[in-house]
Amino acid sequence: MSDGVGAEIQFLKGLREKTVPKVKVLKNPTDDSSVAIFRFRKPSFYNVVDLEQEVDGMSMVDMEGTITATEVTAHFSESGVPETIEAKYKMKNDEEWDRFMRFMERYAQSHGLSFVPSPTKILYDMLASEAEEAALDPKDW
């Protein structure tokens, strides 16, 4: 990471993912559990690594350290070209939630993004612009 305030996502140690994901954050109203779902369309790291190289997680790196999501799924076109990566980060308690939200605030700030309340059951959407907010379609998820 280049500065003490920013935040970045890595699928391979030391290699910053340049593609900004769509992020949905859901919090269970009956307990302290929650989940964040990241969807990367055409992730950039595939441009610099062997497609056979296995990705075993997504690291969220900031000044506090690293948070790791181990549930990562890649989706390929019929011709074998990487299309999307979906990563889920599951939080079991308020401490994990608070730490995740601090990361996301830094990530959003360093990438010019914002969190907005969602019109669906999803608690937050991370959007790059008001135009994306207006175009938000829950069916895309």
Exercise. Restricting attention to the range 85-96, and to residues there that are surrounded by fewer than 17 Cβ atoms within 10 Å (Cβ to Cβ) and at pLDDT 90 or above, which single residue is nearest to V35 (Cα to Cα)?
Worked result: K90
For this session: Could you please tell me which pairs satisfy a Cβ distance under 7 Å, a separation of 6+ or placement on different chains, a first residue in the range 15-33 that is over 18 Å from S110 (Cα atoms) and among the small types (G, A, S), and a second residue that is open to solvent by 30 Å² or more (accessible area, probe 1.4 Å) and part of a loop (DSSP other than H, G, I, E, B)?
Result: S33/K92
Problem set entry | Qualifying position, being of a type in the set (V, I, T), open to solvent by 20 Å² or more (accessible area, probe 1.4 Å) and at pLDDT 90 or above, among V55, V81, V61, V5 | V61
Exercise. Could you list, in sequence order, the residues of the range 4-25 that are outside any strand (DSSP E or B), within 12 Å of R39 (Cα to Cα) and among the β-branched types (V, I, T)?
Worked result: T19, V20
For this session: Determine whether the range 42-52 contains at least one residue that is of a type in the set (D, E, K, R) and touching a residue at least 24 places away in the same chain (Cβ under 8 Å).
Result: yes
Seminar exercise, completed: By residue number, the members of the range 97-141 that are over 13 Å from the mean Cα position of the chain (by Cα), basic (K, R) and at pLDDT 90 or above are R99, R102
Problem set entry | Tally of residues being modelled with pLDDT of 85 or more, open to solvent by 30 Å² or more (accessible area, probe 1.4 Å) and closer than 16 Å to R99 by Cβ across the range 20-52 | 2
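The values are calculated or read from the model by the stated rules, or taken from the named source; none is laboratory data. It should be emphasised that the depicted structure is a prediction, and the values quoted were computed from it without experimental measurement. So basically every Cβ, Gly included, is an ideal-geometry build from the backbone, and we count neighbours across all protein chains shown. Note: accessible area is taken over every heavy atom of the protein model, side chains too, but ligands, DNA and RNA are not part of it. Shrake-Rupley method; radii C 1.70, N 1.55, O 1.52, S 1.80 Å.
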